[in-house]
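All remarks here apply to the structure that follows.
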Amino acid sequence: MAPAADREGCWGRTTSTLDWCEENYAVTWYIAEFWNTVSNLIMIIPPIFGAIQSVRDGLEKRYIASYLALTVVGLGSWCFHMTLKYEMQLLDELPMIYSCCIFVYCMFECFKVKNSVNYHLLFTLVLFSLIVTTVYLKVKEPVFHQVMYGMLVFTLVLRSIYIVTWNFRKKVPPIVGVTTQFHAWWHILTGLGSYLHILFSVYTRTLYLRWRPKVKFLFGIWPVILFEPLRKQ
């Protein structure tokens, strides 16, 4: 998070509490951090198609919400890195908390009856989101946000390990990125990781519901989940 060169572009003076290591306005006058901006496409475009596919497949609404929430994170991050404005930083960071809460809910509800609602978990995650939002708006300390987000990610990792260890054996294929900017790599890998997490959650849930999910690869590389027709008894 080293400060970039003192260069002012289309969006004027930087007001965000973070300024990543990419040099500001080095590629174009219209985008403060070009590579950190365009790398967010991986969090915008694929989840949109995932949401559409989820609607077509009749998946539970929480999975549609997962894809759309990831898209919102990508759009917010795009706006943040394009402008380096504090308001856009919030548009990036707060949806990270909200989307991760949706991911947590999905992972803990994989083995429940269809269309069930866990109101206790839902209330806990909503309350957590409200507390984090309120505190972060007051303290404006990025470390606080990073710790809270890290807690959610750690919860997801533990739950995923538990499911894999005790119920499934699953391989996650690697996907290659495109840029040498370190923070852009962060976007690509976190976007990919979040997308794969949603797929894993969908796979776990639909396998439990006996929907016969299958992992397919578009163009031989991009993973999606399709469903085999149910055999009539």
Counting Lys and Arg as +1 and Asp and Glu as -1, each charge on the Cβ, what is the dipole of the chain about the Cα centre in debye, to the nearest 20? 1600
Difference of contour (0.36 nm per residue) and Cα-Cα distance, Lys112 to Leu158: 14.7 nm
A 1.4 Å probe over the protein heavy atoms gives the chain a carbon and sulfur accessible-area percentage of 68
What ranking do 120-127, 41-48, 214-221 get when scored by the average of other Cβ atoms within 10 Å per residue, highest first? 41-48, 120-127, 214-221
Determine which aspartates and glutamates satisfy two conditions relative to Lys140: a Cα distance under 17 Å, and not lying fewer than 8 residues away in the same chain. Asp19, Glu87, Asp92, Glu93
Which value, in Å², gives the accessible area per residue of segment 13-74 when a 1.4 Å probe is used on the protein heavy atoms? 45
What the 10 Å binned alpha carbon P(r) of segment 94-143 shows, as percent of pairs per bin from 0, is 24, 45, 23, 8, 1
Rounded, prolate or oblate: which one fits segment 54-153, using the alpha carbon gyration tensor with axes a ≥ b ≥ c (rounded when a/c is under 1.5, else prolate when a/b beats b/c, else oblate)? oblate
Percent RCO, i.e. relative contact order, over the chain, from Cα pairs under 8 Å lying at least 6 residues apart: 20
If the reach is capped at under 20 angstrom between alpha carbons, list the aspartates and glutamates near Lys61, excluding any in the same chain fewer than eight residues apart. Glu109
So which aspartates and glutamates pass the test for Lys112, namely a Cα distance under 20 Å, with those fewer than 8 places away in the same chain ruled out? Asp57, Glu60
Go through Val73, Leu59, Leu192 and say which Cα lies farthest out towards the positive end of the charge dipole of the chain; charges sit on Cβ, +1 for Lys and Arg, -1 for Asp and Glu. Leu59
Where labels lie 7 Å past Cα in the beta-carbon direction, separation of Tyr149 and Ile45 in nm: 2.3
Could you give the length gained on full extension between Glu228 and Ile52, defined as 0.36 nm per residue of separation minus the Cα-Cα distance, in nm? 61.6 nm
In segment 1-100, with Lys and Arg counted as +1 and Asp and Glu as -1 at Cβ, which of these residues, Tyr86, Thr15, Asn40, has the Cα nearest the positive end of the dipole, that is, farthest along it? Asn40
Compute the Cα gyration tensor for segment 6-109, then decide on rounded, prolate or oblate, letting a ≥ b ≥ c be the square roots of its eigenvalues: rounded whenever a/c is under 1.5, prolate when a/b is larger than b/c in the other cases, and oblate in all that remain. prolate
Part-to-part distance (alpha-carbon centres) for segment 42-112 and segment 13-27, which is given in Å: 24
Based on C-alpha coordinates, I'd like the Rg and Dmax of segment 42-99, in Å. 12.4, 39
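The values are calculated or read from the model by the stated rules, or taken from the named source; none is laboratory data. Please read these numbers as outputs of a predicted model, since none were measured by experiment. When we count neighbours, we look across all protein chains shown, and the Cβ atoms used for this are built from the backbone with ideal geometry, even at glycine. Just the protein is used for accessible areas: all its heavy atoms, side chains included, with ligands, DNA and RNA removed. Shrake-Rupley method; radii C 1.70, N 1.55, O 1.52, S 1.80 Å.
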